[in-house]
Amino acid sequence: MQCEKYLQAALVAMLDEFLLIFIPMFVVIDPFGVMPIYLVMTRSMAERDRAKTLRYSIVFATALLLAFALVGKAVLDYLSVSIDALMITGGLLLLVIGVSMLYEGDAPRSRRKGVEEAEASQHVPEDVAFVPLGTPMIAGPGAISVVIVLTGTGDIPLVILSLLAIMAISAAILWQVGLVYRLIGNAGTRALTRVMGLITSAYAVQMILDGVTGYYTTTFA
């Protein structure tokens, strides 16, 4: 009985930590914000090429973020950059991204510009899968910053598990992007992006506050 209670408490604690990692990473990667540009860039492709584009972009973004999760902290240590400094910098960057998501329609300006450029020409999978879809659309600067911060402050296996789960969800959303877009519509996509922008902004402010508090504690305590 005592063992069961201990196991249940451990599972609840692990789930809480997983959600604390999963939620901010999901809202920063924001697969719903990727939908409009993905639709535009792949609408002239055959079904086979569209599937190849999605596969390439998801695999590339996952590999990039996993690389930063595994070696990002070591690179910071080599450069003598503290996690607190990265939290402040990453928080400022995320705040800019979050405010852009709130006030600039479907997605931040960089994404809207990508849509305008995409409309001008047709694409093959290799043209768009790695750049701009893989990065910076999916694995952007904000996602990279969050991954490094979370691996520096949290449990690395849970960070990797969260990342893989988010990439699987993103792949599922983009795989059925036409259906999802028809269900929620253009207005629904904008609304979701703005809600995620609000959450991203709030998380960014918390990152900045945590970074400042950590730096003050380390330096003056």
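The values are calculated or read from the model by the stated rules, or taken from the named source; none is laboratory data. This is a predicted model, so every value here is computed, not measured. Every residue, glycine as well, gets a Cβ built from its backbone with ideal geometry; the counts of neighbours run over all protein chains shown.
Details
- Within region 91-115, tally of residues that are closer than 18 Å to residue 198 by Cβ and either among the hydroxyl-bearing types (Ser, Thr, Tyr) or at pLDDT 85 or above (or both): 8
- Residue count, region 65-85 (criterion: touching a residue at least 12 places away in the same chain (Cβ under 8 Å) and not in a helix (DSSP H, G or I)): 1
- Restricted to region 25-49, and to residues there that are in contact (Cβ under 8 Å) with a residue 12 or more places away in the chain and more than 15 Å from residue 170 (Cβ to Cβ), the residue that is surrounded by the most Cβ atoms within 10 Å (Cβ to Cβ) is 41.
- Region 35-65, residues that are among the basic types (Lys, Arg) and modelled with pLDDT under 80: 43
- Among (1) in contact (Cβ under 8 Å) with a residue 12 or more places away in the chain; (2) within 16 Å of the chain's Cα centre (by Cα), the one test that residue 181 misses: (2)
Okay, residues lined up against (1) under 14 Å from residue 152 (Cβ atoms); (2) touching a helix residue (DSSP H, G or I) at 6+ places or on another chain (Cβ under 6 Å):
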position: 62; (1), (2): no, yes
position: 66; (1), (2): no, no
position: 70; (1), (2): yes, no
position: 74; (1), (2): yes, no
position: 79; (1), (2): yes, no
position: 85; (1), (2): yes, no
position: 88; (1), (2): yes, yes
position: 92; (1), (2): no, no
position: 101; (1), (2): no, yes
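- Against the test of being more than 13 Å from the chain's Cα centre (by Cα), modelled with pLDDT under 85 and β-branched (Val, Ile, Thr), the options 200, 151, 189 yield a single qualifying residue, 189.
- Of all residues in region 155-185 being in contact with a helix residue (DSSP H, G or I) (Cβ under 8 Å, 6 or more places away or on another chain) and among the polar types (S, T, N, Q), the one that is nearest to residue 54 (Cα to Cα): 170
- Boolean, residue 162 is small (Gly, Ala, Ser), more than 25 Å from residue 210 (Cβ to Cβ), part of a helix (DSSP H, G or I) and out of contact with any Gly (no Cβ under 6 Å at 6 or more places or on another chain): no
- Of all residues in region 43-53, exactly one satisfies the criterion of being among the hydroxyl-bearing types (Ser, Thr, Tyr) and farther than 21 Å from residue 143 by Cβ, namely 44.
- Residue in region 86-104 that is aromatic (Phe, Trp, Tyr), part of a helix (DSSP H, G or I) and over 17 Å from residue 161 (Cβ atoms) present: yes
- Of everything listed in (1) within 19 Å of residue 28 (Cβ to Cβ); (2) touching a residue at least 12 places away in the same chain (Cβ under 8 Å), the single unmet condition for residue 191 is (2).
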